[in-house]
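Enquirer: Here it is, the structure, as structure tokens.
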Amino acid sequence: MSGNSGSNQMWGGRFAAGPSSIMREINASIPFDKALWRQDIAASKAHVAMLEKQGIVSMVDAAAISGGLDQVAAEYEANGVPENWDLEDIHMTTESRLAELIGTAAGRLHTARSRNDQVATDFRLWVRDAMDEADAGLKALQVALVTRAGEHAASIMPGFTHLQTAQPVTLGHHLMAYYEMIRRDRSRLADARARLNECPLGAAALAGTGFPIDRFATAATLGFDRPTANSLDSVSDRDFALDFLMTAAQISLHLSRLAEEFIIWASQPFGFVVLPDSLSTGSSIMPQKKNPDAAELVRGHAGRIVGSLTSLMITMKGLPLAYSKDMQDDKPPVFEAASLLALSVAAMTGMVAEARFRTERMRGAAELGYATATDLADWLVRQADIPFRQAHHITGAAVKLAESRGIALDQLPLKDLREIDSRIDERVYAALSVEASVAARASHGGTAPAEVEKRVAEAKVALGLES
């Protein structure tokens, strides 16, 4: 490659020879940072409008630059962004095309800015959009959860600890647990977005600029709350990307837990749910199978999203101020995580909305698992004034007897219960059904159908579904 070719022309006459083919390839980021083209155009238009207002660029040149940027954007929209590795990145690609369209006036666009503050601004804009898209997806998932929870506020299922039947709960209560997880996730996104929403544009390479720019104007034009306060930090900060990845990782953990539940529930031994055909696959050799592939991929994607977070954390951990080329590797993990997160949220939203819950099977599992054992112990404490530890022992004997006969606790004859402890009387049966058990859990946030309905109603108001 000759010393006057390609990239060397763009970044000056400092070097006698052009980059080697290895340097050309390792240095080019256009294959991935072309995803920033909309943000790059928007930030450039805001920048040149400010330059014109401040009298730094003439009205004629500013109009030519703005119009040219619109034309470049139209070309990108229609044909995609060309990948000329000699131009390195989306910023030089756009500026080069602008120069072809409007001539030397294009060179005035880069006045009072650097690629360092340019990419920091573009990347913030992209991550902010990704946060907004993630929040909208999570809201749709919440709507699906709340809708199905309302349908199943009284549908009884076993509640588990250690994946062992513990106490009866309702399916609505179970689904609303995920609503709460997603509510916290959305609050994390909102917190991260608020911290992100400061504009680096105008920090230039690292020290600011001597031109009389108005950073507050460009910040306002681009929807930021304010400009960043320190030029060194402005160009070297990627906390906003880490915040997004940390939140994405937390969301993915919640989605993975929900996916795992659907995988378990859809298995034949459980049979609690029939998954939608649109989110399942068949076996190549076993025609009876319906595989929960979408849920399994959501579970798998969580690992990749957590890996993206780890990748960027390691990239940033030892970088001195200000910008270092290592930071070019900040975008691929963020882009990948955002894409995987959007897919995962959409998949689980469809899963929740379209699954058919086999509520009779769920209820039967709650009965067979002796999930009302705690209710028997509580009854002995309340009605017979027996200390809980002793009541626990009596209940254990009753469970053992019912288990030996293969029947539920409320199917044990009173005579047999009284042989275990004479203080038991016929009133106990009112506490031993799974319906009585869930109805009794009426403390705030409990599984009683009336409480679930309250939480569903509150959630619908919070989501704007009801006033």
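The values are calculated or read from the model by the stated rules, or taken from the named source; none is laboratory data. Worth saying up front: this structure is predicted, and the values here are computed from it rather than measured. For neighbour counting, all protein chains shown are included, and Cβ atoms are generated from backbone atoms with ideal geometry for every residue, glycine included. Side chains included, ligands, DNA and RNA excluded: accessible areas come from the protein's heavy atoms. Shrake-Rupley method; radii C 1.70, N 1.55, O 1.52, S 1.80 Å.
Enquirer: For residue 154, state whether it is in contact (Cβ under 8 Å) with a residue 40 or more places away in the chain and either more than 19 Å from residue 347 (Cα to Cα) or not assigned by the TED database to the domain that holds residue 250 (or both).
Expert: yes
Enquirer: Given the conditions (1) in a helix (DSSP H, G or I); (2) out of contact with any Pro (no Cβ under 9 Å at 6 or more places or on another chain); (3) open to solvent by 50 Å² or more (accessible area, probe 1.4 Å); (4) outside the structural domain of residue 232 (by the TED database), report the number of the one that residue 97 does not fulfil.
Expert: Unmet condition: (2).
Enquirer: Another one. Pairs under 6 Å by beta carbon, first residue at pLDDT 95 or above and in a helix (DSSP H, G or I) in segment 59-86, partner open to solvent by 40 Å² or more (accessible area, probe 1.4 Å) and among the acidic types (Asp, Glu), six or more apart or different chains?
Expert: 59/52; 62/52
Enquirer: If you don't mind, there's one more thing I want to ask. If I go through segment 93-122 residue by residue, how many of them are in contact (Cβ under 8 Å) with a residue 60 or more places away in the chain and in contact with a Phe, Trp or Tyr (Cβ under 8 Å, 6 or more places away or on another chain)?
Expert: 3
Enquirer: Looking at segment 178-215 only, could you name the residues that are of a type outside the set (S, T, N, Q) and farther than 21 Å from residue 238 by Cα?
Expert: If the condition is that a residue be of a type outside the set (S, T, N, Q) and farther than 21 Å from residue 238 by Cα, then 178, 179, 180, 181, 182, 183, 184, 210, 211, 212, 213, 214 are the ones that fit.
Enquirer: Does any residue of segment 440-461 turn out to be over 21 Å from residue 150 (Cβ atoms), modelled with pLDDT under 95 and of a type outside the set (Val, Ile, Thr)?
Expert: yes
Residue by residue, here is whether (1) touching a helix residue (DSSP H, G or I) at 6+ places or on another chain (Cβ under 8 Å); (2) crowded, with 21+ Cβ neighbours inside 10 Å; (3) aliphatic (A, V, I, L, M) holds:
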position: 208; (1), (2), (3): yes, no, no
position: 228; (1), (2), (3): yes, yes, no
position: 259; (1), (2), (3): yes, yes, yes
position: 271; (1), (2), (3): yes, no, no
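Enquirer: Right, next: Of the numbered conditions (1) open to solvent by 10 Å² or more (accessible area, probe 1.4 Å); (2) within 22 Å of residue 48 (Cβ to Cβ); (3) not assigned by the TED database to the domain that holds residue 360, residue 128 satisfies every one except a single condition; which is it?
Expert: (3)
Enquirer: When you look at residue 56, is it in contact (Cβ under 8 Å) with a residue 40 or more places away in the chain and out of contact with any Asp or Glu (no Cβ under 8 Å at 6 or more places or on another chain), yes or no?
Expert: yes
Enquirer: For segment 62-78, does any single residue satisfy the condition of being buried (at least 24 other Cβ atoms within 10 Å of the Cβ) and under 30 Å from residue 233 (Cα atoms)?
Expert: Scanning segment 62-78 turns up at least one residue that is buried (at least 24 other Cβ atoms within 10 Å of the Cβ) and under 30 Å from residue 233 (Cα atoms).
Enquirer: Mind listing whichever residues of segment 400-443 are small (Gly, Ala, Ser) and not in a helix (DSSP H, G or I)?
Expert: 406, 408, 422, 433, 442, 443 - these are the residues of segment 400-443 that are small (Gly, Ala, Ser) and not in a helix (DSSP H, G or I).
Enquirer: Run down 384, 322 and say which single residue is small (Gly, Ala, Ser), touching a residue at least 60 places away in the same chain (Cβ under 8 Å) and farther than 30 Å from residue 137 by Cα.
Expert: None of the other options fit; the residue is 322.
Enquirer: OK, next. Starting from residues that are in contact (Cβ under 8 Å) with a residue 40 or more places away in the chain, aliphatic (A, V, I, L, M) and open to solvent by 10 Å² or more (accessible area, probe 1.4 Å), keep the ones in segment 164-197 and report whichever is farthest from residue 243 (Cα to Cα).
Expert: 166
Enquirer: Suppose the filter is modelled with pLDDT of 95 or more, farther than 23 Å from residue 335 by Cα and touching a strand residue (DSSP E or B) at 6+ places or on another chain (Cβ under 8 Å); does residue 225 pass it?
Expert: For residue 225, the condition - modelled with pLDDT of 95 or more, farther than 23 Å from residue 335 by Cα and touching a strand residue (DSSP E or B) at 6+ places or on another chain (Cβ under 8 Å) - is met.
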